[in-house]
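Peer 1: Take a look at the following structure, please.
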Amino acid sequence: MRDSSRPGRKIAGKRVFRRYFPLFIILWILVVLYPNPLNIIISIQRAAHLRVDPGAVEVMLDDLPSDPVAVEKAVLARIPYGYDWEVYGMPWYFPTVQEVLEQERGDCKGRALVLASVLEAKGIPYRVNMSPMHIWVEYESKVETPIENPDVMFYQRDPQTGETQFQVPRIKLIEVMDAAWQGFWPVMPIDRRILLVSGLLALIAVRVILFRARKQEQAAVC
């Protein structure tokens, strides 16, 4: 017996695809970048509530000096820079201090967490600063750089007082976009690049085919 409802379901499916095509694009991108969607949720929560962990860095304390400048140099030497794609297999991930120490690599987020944890364990005052393209730890005698200075900062948190500060950063949009691009595409694994691009091309191809088919149907009716 022929299923008379099948053509109707097929037409409804086409309409859903056409109407929600941008959503399908977004979902595909998210699936490729974050096979486990919980990672992006966890990262957002951790970024909103920065948690240093002095206990996790206790094993490092005996080998580190008390001068904050020397501490930062030692932490940066111990935790070489690595993009999130290279360390965690995704474009943006906010790790815990323990995860950074286990991986022994990390980008500015991970290195800042470890440095803040060491300074807190040693009782050295500090503040955590964020810009649209960077996160760093500020302390007394900290030397300013083009990417670590009050002008580019949009968020600051003082863990001792709990005070937070927001401001409009003075930073060029092109610089933010360039930094985001460098941490996203050039270091993305080749297999993920192929998967991302091929999936997007397939979705676009289906959309074009459906668009042409609809135009032909409309022309036939006229």
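Peer 1: List, in order, the whole-Hz ³J(HN,Hα) value for each residue of the range 51-65 obtained from phi through the Karplus relation with A = 6.51, B = -1.76, C = 1.60 and θ = phi - 60°; use x for Gly and Pro.
Peer 2: Result, rounded to whole Hz: 10, 7, 9, x, x, 5, 9, 4, 5, 8, 4, 5, 8, 10, x.
Peer 1: Continuing with this model, one more query. Lysine pairs, Cα distance under 22 Å, 8 or more residues apart or cross-chain: how many in the chain?
Peer 2: 9
Peer 1: Could you line up 197, 87, 57, 71 from fewest to most neighbouring Cβ atoms inside 10 Å?
Peer 2: Numbers: 197 11, 87 19, 57 25, 71 22.
Neighbour counts put them in this order, fewest first: 197, 87, 71, 57.
Peer 1: Looking only at the range 70-84, which residues have a backbone nitrogen under 19 Å from a spot 7 Å from the Cα of residue 184 in the C-beta direction?
Peer 2: Answer for the range 70-84: 83-84.
Peer 1: Further question: In µm²/s, what is D for the chain at 4 °C and 1.567 mPa s, where D = kT/(6 pi eta Rh) by Stokes-Einstein and Rh is the Kirkwood radius from Cα pairs? Don't skip to the end; give the middle numbers.
Peer 2: Values: Rh = 20.8 Å.
After rounding, the answer is 62 µm²/s.
Peer 1: Calculated FRET efficiency, residue 48 and residue 18, Cβ-Cβ r, R0 30 Å, to nearest 0.05?
Peer 2: On the way: r = 36 Å, r/R0 = 1.21.
For residue 48 and residue 18, the calculated efficiency is 0.25.
Peer 1: Another question, then. Rounded to the nearest 0.05, what FRET efficiency is calculated for residue 170 and residue 124 with R0 set to 35 Å and r the Cβ-Cβ distance? Display every interim value, and only then the final one.
Peer 2: Values: r = 28 Å, r/R0 = 0.81.
E(calc), rounded to 0.05, equals 0.80.
Peer 1: May I pose another question? Quick check: pseudo-label points 7 Å beyond the Cα along Cα→Cβ at residue 193 and residue 141, how many nm apart are they?
Peer 2: With each label point 7 Å from Cα toward Cβ, the separation is 4.4 nm.
Peer 1: What are the GluC sites (Glu not before Pro) within the range 142-222 that DSSP puts in a loop, where the Cβ has at most 11 other Cβ atoms within 10 Å? Let's see the in-between values first.
Peer 2: Values: sites: 144, 148, 163, 175, 217; in loops: 144, 163.
Counting only loop positions with at most 11 other Cβ atoms within 10 Å, the GluC sites (Glu not before Pro) in the range 142-222 are 144, 163.
Peer 1: Measure nothing fancy, just the Cα-based angle from helix 68-78's long axis to the longest principal axis of the chain, in degrees from 0 to 90, nearest 10.
Peer 2: The angle comes out near 50 degrees.
Every number in this text was worked out from the coordinates using simple rules, so none of it is lab data. The structure displayed is predicted, hence computed values, not measured ones. Note that we place each Cβ from the backbone using ideal geometry, even for glycine, and neighbour counts take in every protein chain shown.
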